[in-house]
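Enquirer: Dropping a structure here in structure tokens format, bear with me for questions.
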Amino acid sequence: MDTKRYLDNRFDKLRLLHESEKTEVWLVMERQTQNIYILKIIQRTGLPYRKMETLQHRGIPQIHSVHEDGACTYVMEEYLQGQNLAQYIMEHGHLSEGLVKNLAIELCRILAFLHMHHIIHRDIKPSNIFLTDDMQLKLIDFDAARIKKENQQADTVCLGTDGFAAPEQYGGRPTDERSDVYSLGITLRVLLGENYDGALNGIIAKCTEFDARYRFQSMEEMETALKYGTKLIQENLHKRLIYDQIHHALFVLFVLGFALCLLSVVVPSTFELFLGRIIFVLGFCVWHFRKRYKKIVQNREMLLGIAVPKTTVKNRVLWGMWYYLAWLLAILFLIAGTGLTYNQPWGPFVTRVAFVIPSIGAYFCIKWRAFQGK
């Protein structure tokens, strides 16, 4: 049966809602039941609407029927009353952080459901997020969506909206769940406005990384960050504060210790000179820590961090060995440079070092076992 003729015989077209180069959206009424539906005529085939016909989720419109005639896809779906978020922010202005956070969590759940069924939306933007009159959130317009296929090198059709589409949607790499993460991050930024400066900036920055490996790897991961973001930022601030200060102090303390060591050879150490050097080192450490703390606090919204690709066990162990060896040398130079070992026999000094090396060896044995998962 001719699909177009079948639909014309069964439904009356009430109003054209939207028309683009390859899509028509009609408000239609079924003659027999008087029910109102949305009819979409899309000049493409192979869309995931047929698969969505079997899915039930409150966050996506109910698909009543899907027909294909070889050139077009005809989708009959639930009629929603309300407005999309693009219209909403035009009328009411940008949304509050709390509202955007709640909307984002709900969208993460909707997209996690779709991703579980291997459906990638690929066109998330405010105009495709619908808020019904009873305040129910719906993700609409799956005209650019695709079903994820394993081992696919790139998308066969490059679709999406400029400014919202992930970089990989323009070709070269296949889109996946992380492409929707990118578009959702851009959408949150639009909903909040250009002048927004708050706790969600770190999450948005991670969503919109150019390289998909650095984004949230799933909607569940992004939802966790949204729900516990403030707590994570505070925890990471404390951890980053300690690590960042110590890490950035290493090089300077190494140079400082080496210089003091050379100075101790030229200028014999007295008790007063020894105290002066100790006070100088401590004063430098206090100044450094205060400086680093101010810089970290200024960038606290970014402390959710950017995920880095996993390195090999070999590289992690080699970096760890170099890092702790550098710290050992820095400490030894500081000990020698402040005069603690001046005019002392080398025997006791070597003995002290011998006590340090086994502890470092034990540390690397523990780390190695952890890397191997034992």
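Enquirer: Given R₀ = 22 Å, what would the calculated FRET efficiency be for residue 161 paired with residue 227, taking r from the Cβ atoms and rounding to 0.05?
Expert: 0.20
Enquirer: In which sequence would 224, 208, 187, 33 go, from the one with the fewest C-beta neighbours within 10 Å to the one with the most?
Expert: In increasing order of surrounding Cβ atoms, one gets 33, 224, 208, 187.
Enquirer: Note down the nm distance, to one decimal, between modelled labels 7 Å out along Cα→Cβ at residue 57 and at residue 2.
Expert: Those two pseudo-labels are separated by 3.8 nm.
Enquirer: With no solvent and one point per C-alpha, what does the Debye sum give as log10 I(q)/I(0) for segment 82-227 at q = 0.18 Å⁻¹?
Expert: Normalising to I(0) and taking log10 leaves -1.03.
Enquirer: In whole Hz and in residue order, list the ³J(HN,Hα) couplings for segment 123-129 that follow from phi through the Karplus curve 6.51 cos²θ - 1.76 cosθ + 1.60, θ = phi - 60°; x for Gly and Pro.
Expert: Karplus values, whole Hz, x for Gly and Pro: 8, 7, 6, x, 6, 9, 10.
Enquirer: Counting pairs of alpha carbon atoms under 8 Å apart in space and at least six apart in sequence, what relative contact order in percent does segment 82-227 give?
Expert: It rounds to 28 percent for segment 82-227.
Enquirer: Which of 36, 63 comes first, and how do the rest follow, when ranked by fewest Cβ neighbours within 10 Å?
Expert: Taking fewest neighbouring Cβ atoms as first place, the list is 36, 63.
Enquirer: Right, something else. Contact order normalised by length for segment 38-99, with contacts defined as Cα pairs under 8 Å and 6 or more residues apart; what percent is it?
Expert: Contact order relative to length: 34 percent.
Enquirer: In nanometres, what is the gap between the two model label sites at residue 194 and residue 96, each 7 Å from Cα along Cα-to-Cβ?
Expert: Between residue 194 and residue 96, the label points sit 2.5 nm apart.
Enquirer: Got a sec? Which residues in segment 85-111 would a label at residue 18 touch, if it sits 7 Å along Cα→Cβ and we count backbone N under 15 Å?
Expert: Only 85-88 fall inside the zone, counting backbone N under 15 Å.
Enquirer: Take every Cα pair under 8 Å in segment 3-78 that's 6+ residues apart, average their separations, divide by the length, and report that relative contact order as a whole percent.
Expert: Relative CO of segment 3-78 lands at 25 percent.
Enquirer: Can you give me the distance in nm between label points at residue 71 and residue 45, each placed 7 Å from the Cα along the Cα-to-Cβ direction?
Expert: 1.2
Enquirer: Report Rg(Cα)/(2.2 N^0.38 Å) for segment 3-78, keeping two decimals.
Expert: That works out to 1.06 for segment 3-78.
Enquirer: List, in order, the whole-Hz ³J(HN,Hα) value for each residue of segment 42-52 obtained from phi through the Karplus relation with A = 6.51, B = -1.76, C = 1.60 and θ = phi - 60°; use x for Gly and Pro.
Expert: Those phi angles translate into 10, 7, 8, 10, x, 6, x, 4, 5, 5, 5 Hz.
Enquirer: Shifting gears a bit: Please enumerate, by chain and number, the aspartates and glutamates with C-alpha under 18 Å from the C-alpha of residue 13, excluding those fewer than 8 residues away in the same chain.
Expert: Within reach: 2, 24, 30, 77, 78.
Laboratory data are not the source of any read-out in this text; all were calculated from the coordinates shown. Keep in mind it's a predicted model, so treat the numbers as computed, not measured. Note that each Cβ is placed from the backbone with ideal geometry, even for glycine, and that neighbours are counted across all protein chains shown.
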